[in-house]
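Heads up, the thing below is written out as structure tokens.
Since every read-out is calculated from the coordinates, none of them should be taken as a lab result. Nothing here was measured: the structure is a model prediction, and the numbers come from that model. Cβ placement follows ideal geometry from the backbone for every residue including glycine, while neighbour counts extend to all protein chains displayed.
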Amino acid sequence: MTVRTIIMTGAGSGIGRAAALLAARGGDAVVVADVNEDGGEQTVAAIRDNGGTASFIRTDIAQEADVQAMVQHALSRYGQLDGAFNNAAIPQCAKPVHEVTLAEWRRNIDINLTGTFLCMKYEIAAMLETGGGAIVNTSSGAGLVGFRMGGEYSASKHGVVGLTRSAALDYAALGIRINAIAPGGVRTPMVTACFAADPTLEAHATAMHPIGRLAEPEELADAAIWLLSDRSSYVTGACLAVDGGYTTF
Ligand SMILES: NC(=O)c1ccc[n+]([C@@H]2O[C@H](COP(=O)([O-])OP(=O)(O)OC[C@H]3O[C@@H](n4cnc5c(N)ncnc54)[C@H](O)[C@@H]3O)[C@@H](O)[C@H]2O)c1
């Protein structure tokens, strides 16, 4: 079996970690990229304990030099880049739009949207050199519909969908498929931290999902890994809602 090399951002926690573990179980070499060094190293250790191949590189996706180094790390260590899961992001600051400061707006857009753009820019350049690949970006249900108290986050995640669809058109005939996933509520540190701050939120969040529960990170990882695999060979430019029906009504 050919070993594929896949970059996964935000793989030090939550959905990214679940996807990194799943990819490594399938035989992929995984580049774990995150600002969180402890989390990233823990993901790598868990993969290696299971006999998989992974390495960590500290990456702030909003910093162009970090992103270039991340892609270079994949190429120099594993020889090529076959896939990327651009998943790192920060949450909303939970304020109505008029209370969001310009600095808060810029930080969210810089990481969630510009960071995703930077990752794609350098990953695509590498894939064009080494024969194509597949990219999956993490948007959100908030990238498909409005999100109360999360204007800057929703704007960044709508941007990820537009960027995904547009780039899919640019590279469809060049052997690079580009898709997005749009999670609903997923039980990860991003969300459990909110529940800890306001215990009434969990019941409220659950009620917004017709399926009657939040997702586990592994359920999102499955979707991302499918979109990264040849089993989705005719899918490009899609934004797959994995949201228990959250955006259906
Ligand atoms: N959990 C949910 O309910 C939910 C819902 C919709 C969308 N999402 C999206 O799913 C993705 C993963 O979120 P999660 O729930 O696993 O959250 P998480 O907080 O568990 O993981 C996010 C990871 O991204 C990393 N990160 C943050 N800023 C970074 C930066 N500048 N550079 C590199 N890494 C950075 C964090 O250190 C963390 O390890 C995000 O894009 C998020 O917006 C999550």
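Output the residue which, of all residues in segment 66-91 that are outside any helix (DSSP H, G or I) and surrounded by fewer than 22 Cβ atoms within 10 Å (Cβ to Cβ), is farthest from the chain's Cα centre (by Cα). By that ranking, first place goes to G79. Screening L174 on (1) hydrophobic (A, V, I, L, M, F, W, C); (2) within 15 Å of the ligand (Cβ to nearest atom); (3) surrounded by fewer than 17 Cβ atoms within 10 Å (Cβ to Cβ) shows it passes everything except condition (2).
With respect to (1) away from the ligand (no atom under 14 Å from the Cβ); (2) at positive phi, the lone exception for L75 is condition (2). Determine if segment 48-65 includes at least one residue that is surrounded by 15 or more Cβ atoms within 10 Å (Cβ to Cβ), of a type in the set (S, T, N, Q), part of a strand (DSSP E or B) and free of Cβ contacts under 8 Å to residues at least 40 places away in the same chain. Yes, the conditions are met somewhere in segment 48-65.
Mind checking whether some residue in segment 124-135 is closer than 17 Å to A89 by Cα, surrounded by 18 or more Cβ atoms within 10 Å (Cβ to Cβ), out of contact with any Cys (no Cβ under 6 Å at 6 or more places or on another chain) and in contact (Cβ under 8 Å) with a residue 12 or more places away in the chain? Give the derivation first.
Let us first name the residues in segment 124-135 that are closer than 17 Å to A89 by Cα, namely 135.
Subsequent filtering for residues that are surrounded by 18 or more Cβ atoms within 10 Å (Cβ to Cβ) retains 135.
Adding the requirement that they be out of contact with any Cys (no Cβ under 6 Å at 6 or more places or on another chain) leaves 135.
Of the ones still in play, those that are also in contact (Cβ under 8 Å) with a residue 12 or more places away in the chain are 135.
Scanning segment 124-135 turns up at least one residue that is closer than 17 Å to A89 by Cα, surrounded by 18 or more Cβ atoms within 10 Å (Cβ to Cβ), out of contact with any Cys (no Cβ under 6 Å at 6 or more places or on another chain) and in contact (Cβ under 8 Å) with a residue 12 or more places away in the chain.
Of the helices (runs of 4 or more DSSP H) that lie entirely inside segment 159-249, those containing 3 or more residues that are farther than 30 Å from G27 by Cβ and without any contact (Cβ under 8 Å) to a residue 12 or more places away in the chain span 189-197, 201-207.
Quick one: which residue in A19, A24 is outside any strand (DSSP E or B) and free of Cβ contacts under 8 Å to residues at least 40 places away in the same chain?
Numbers: A19 fails: free of Cβ contacts under 8 Å to residues at least 40 places away in the same chain.
None of the others qualify; the one that does is A24.
Restricting segment 117-157 to residues that are in a helix (DSSP H, G or I), in contact with a Phe, Trp or Tyr (Cβ under 8 Å, 6 or more places away or on another chain) and among the hydroxyl-bearing types (S, T, Y), the residue that is farthest from Q63 (Cα to Cα) is S154. Among the residues making up segment 30-43, those that are in contact with a Phe, Trp or Tyr (Cβ under 8 Å, 6 or more places away or on another chain) and either crowded, with 22+ Cβ neighbours inside 10 Å or touching a residue at least 60 places away in the same chain (Cβ under 8 Å) (or both) are V31, V32, A33, D34, G40, T43. Looking only at segment 219-226, decide whether some residue is under 14 Å from G141 (Cα atoms), of a type in the set (A, V, I, L, M, F, W, C) and near the ligand (Cβ under 10 Å from one of its atoms). Yes, segment 219-226 contains a residue that is under 14 Å from G141 (Cα atoms), of a type in the set (A, V, I, L, M, F, W, C) and near the ligand (Cβ under 10 Å from one of its atoms). Could you check, for segment 45-68, whether at least one of its residues is of a type in the set (A, V, I, L, M), more than 14 Å from the ligand (Cβ to nearest atom) and touching a Phe, Trp or Tyr at 6+ places or on another chain (Cβ under 7 Å)? No: segment 45-68 contains no residue that is of a type in the set (A, V, I, L, M), more than 14 Å from the ligand (Cβ to nearest atom) and touching a Phe, Trp or Tyr at 6+ places or on another chain (Cβ under 7 Å).
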